[in-house]
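Peer 1: Below are the structure tokens for one structure; questions will follow.
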Amino acid sequence: MSRDEILAILKDSGALRTGHFILTSGLHSDTYVQCAQVLQYPWRAETLCAALAEKVRAQATEIDMVVSPAMGGVIVGYEMGRQLGVPAVFFERVDGVFTLRRDFTIPAGARCLMVEDVVTTGLSSRECMAAARAEGGDVAAEACLVDRSGGRAELGVPLVSLLELDAPAYDPDALPPHLRDIPAVKPGSRKLGAA
């Protein structure tokens, strides 16, 4: 898939947004990628993940299973597992720590592909990879639909992204003029209160 085709799918789905956003990391940005908007369409999820799986295969990385963090990585992780023909499990946060639940297991030494929808700073990825390693997995690489770090996220493993965006993120105390007068919204799911 070309960059323009990927961007068109994200824009047509309402996944690529502009405004003033507070990211999961606490940083602020004028660009937000809400992959849930594109993943709600199974045919679009299949198209994007098939292209991402093709890029993963081109890296010749042997994979035994896919691991991903809930919530953002569940659908893309499942579809990547389907595309690659391997099992897919997901970690959930329990008291703020990524934990395997639902009787999921990772066999000792299993070569894992960490899969996320969007990577910004890589913090969630690193936390989830540490949890996979603690369960006995060997994280070989990471794959994501969108790397919004512009290739700067430090993960400790190779990162394969379908789309790389250089979407700057700013400390709340160092906002650029174009964001200072726009009310910020926090569309992410981390630290949501119970209903």
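Peer 1: Kindly provide the GluC sites (Glu not before Pro) of the stretch 22-118 that DSSP labels as loop, not H, G, I, E or B, and whose Cβ sees at most 10 other Cβ atoms within 10 Å.
Peer 2: Numbers: sites: Glu46, Glu54, Glu62, Glu79, Glu92, Glu116; in loops: Glu62.
Loop-located and lightly packed - Glu62.
Peer 1: When Rg is the radius of gyration of the Cα atoms in the stretch 85-195 and Rh is its Kirkwood radius, what does Rg/Rh come to?
Peer 2: On the way: Rg = 16.3 Å, Rh = 15.9 Å.
When Rh is taken as the Kirkwood radius, the ratio is 1.03.
Peer 1: Leaving ligands, DNA and RNA out of it, work out the accessible area of Asp171 with a 1.4 Å probe and give it in Å² to the nearest 10.
Peer 2: 80 Å²
Peer 1: Now a separate question. Among rounded, prolate and oblate, which fits the stretch 10-101 when a ≥ b ≥ c are the square roots of the eigenvalues of its C-alpha gyration tensor, a/c under 1.5 means rounded, and a/b larger than b/c means prolate?
Peer 2: On the way: a/c = 2.03, a/b = 1.24, b/c = 1.64.
In terms of gyration-tensor shape, oblate.
Peer 1: Next up: Could you work out [θ]222 nm for the chain from helices alone, using -39500 (n - 2.57) per DSSP H run of at least four and dividing by all its residues? Round to the nearest 500 deg cm²/dmol.
Peer 2: On the way: 6 runs with 60 residues, N = 195.
Calculated mean residue ellipticity at 222 nm is -9000 deg cm²/dmol.
Peer 1: Within the chain, what's the longest run with no trypsin sites (Lys or Arg not before Pro) in a DSSP loop and at most 16 other beta-carbon atoms within 10 Å? Give the range, please.
Peer 2: Details: sites that count: Arg101, Arg102, Arg152, Arg190, Lys191.
Free of exposed loop sites, the longest segment is 1-100.
Peer 1: Here is a follow-up. Under 20 °C and 1.002 mPa s, how fast does the chain diffuse according to Stokes-Einstein, given a Kirkwood radius computed over C-alpha pairs? Answer in µm²/s, whole number.
Peer 2: Numbers: Rh = 17.0 Å.
Here the translational diffusion coefficient equals 126 µm²/s.
Peer 1: Can you give me the long-range amide H partners of Val115? Hydrogens built in the peptide plane at 1.01 Å from N, cutoff under 5 Å, separation of 5 or more residues or another chain.
Peer 2: Correct list: Val67, Ser68, Ala143.
Peer 1: Using all alpha carbons of the stretch 54-111, what is the percent of pairwise distances in each 10 Å bin, ordered from the shortest bin to the longest?
Peer 2: 23, 51, 23, 3
Peer 1: When all protein chains stay in place, what accessible area (Å², nearest 10, 1.4 Å probe) is found for Glu135?
Peer 2: That residue has around 90 Å² of solvent-accessible surface.
Peer 1: Using amide H atoms built 1.01 Å from N in the peptide plane, name the residues 5+ places from Glu164, or on other chains, whose amide H lies under 5 Å from its own.
Peer 2: Close amide H contacts, sequence-distant or interchain: Asp147.
Peer 1: Moving on to the next point. Treating the angle as unsigned and between 0 and 90°, give the value, to the nearest 10°, between the Cα long axis of helix 123-134 and the longest Cα principal axis of the chain.
Peer 2: Helix 123-134 and the main axis of the chain meet at about 20 degrees.
Peer 1: Separate question: Please turn the phi angles of the stretch 57-66 into ³J(HN,Hα) values with the Karplus equation 6.51 cos²θ - 1.76 cosθ + 1.60 (θ = phi - 60°), one per residue in order, whole Hz, x for glycine and proline.
Peer 2: 4, 5, 6, 6, 8, 6, 10, 9, 6, 9
Peer 1: Continuing with this model, one more query. Tell me, what ³J(HN,Hα) does each residue in the stretch 84-100 have, in order and in whole Hz, if you take phi through Karplus 6.51 cos²θ - 1.76 cosθ + 1.60 with θ = phi - 60° and put x for Gly and Pro?
Peer 2: 8, x, 10, x, 9, 10, 10, 9, 10, 7, 10, 6, x, 10, 5, 9, 7
Peer 1: Right, here's the next one. Antiparallel as a % of all DSSP beta bridges within the chain, to the nearest 5? Don't jump to the answer; show the numbers that get you there.
Peer 2: Values: 11 of 32 bridges.
Of all bridge pairs located within the chain, approximately 35 percent are antiparallel.
Peer 1: For the stretch 12-63, what class follows from the C-alpha gyration tensor (a ≥ b ≥ c being the square roots of its eigenvalues): rounded when a/c is under 1.5, otherwise prolate if a/b is larger than b/c, else oblate?
Peer 2: On the way: a/c = 3.29, a/b = 1.65, b/c = 2.00.
Judged from the Cα gyration tensor, the stretch 12-63 comes out oblate (a/c at least 1.5, b/c at or above a/b).
The values are calculated or read from the model by the stated rules, or taken from the named source; none is laboratory data. The structure displayed is predicted, hence computed values, not measured ones. Cβ: placed from backbone, ideal geometry, glycine included. Neighbour counts: every protein chain shown. Protein only, heavy atoms only, side chains kept; ligands, DNA and RNA dropped before computing areas. Shrake-Rupley method; radii C 1.70, N 1.55, O 1.52, S 1.80 Å.
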